[in-house]
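Heads up: the structure comes next, in structure tokens.
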Amino acid sequence: MGYVDTYSYDQPTVLIPREGTITNIFYLDEPFWNIDTIYYTEIDENQFLPKYFYHFMKMAALTKLDTGSGRE
């Protein structure tokens, strides 16, 4: 990984892995730059709070959706 001088997104967000452990979800509330193995969410705070979405996703049964070949 090299150096970047810009960010991907600068609002509160929930990061959801695309590869690897689908349950390894993160909450960020500072500017960041992500790579292509994780999605970030653009959340309308007039609809619901990003921290709420984070906790909801952490409680969801996401392992049922993980079809990656690396899972045993």
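The numbers here are math on the coordinates, done by the rules we state, and not lab data. Everything numeric in this text was worked out from a predicted model, so none of it was measured. All Cβ positions, even for glycine, are placed from backbone atoms using ideal geometry, and neighbour counts span all protein chains on display.
Sorting the segments 55-61, 25-31 by their mean number of nearby beta carbons within 10 angstrom, highest to lowest, gives 25-31, 55-61.
Site pair T21 and Y9 shows an inter-label distance of 2.1 nm when each label is modelled 7 Å from Cα along Cα→Cβ.
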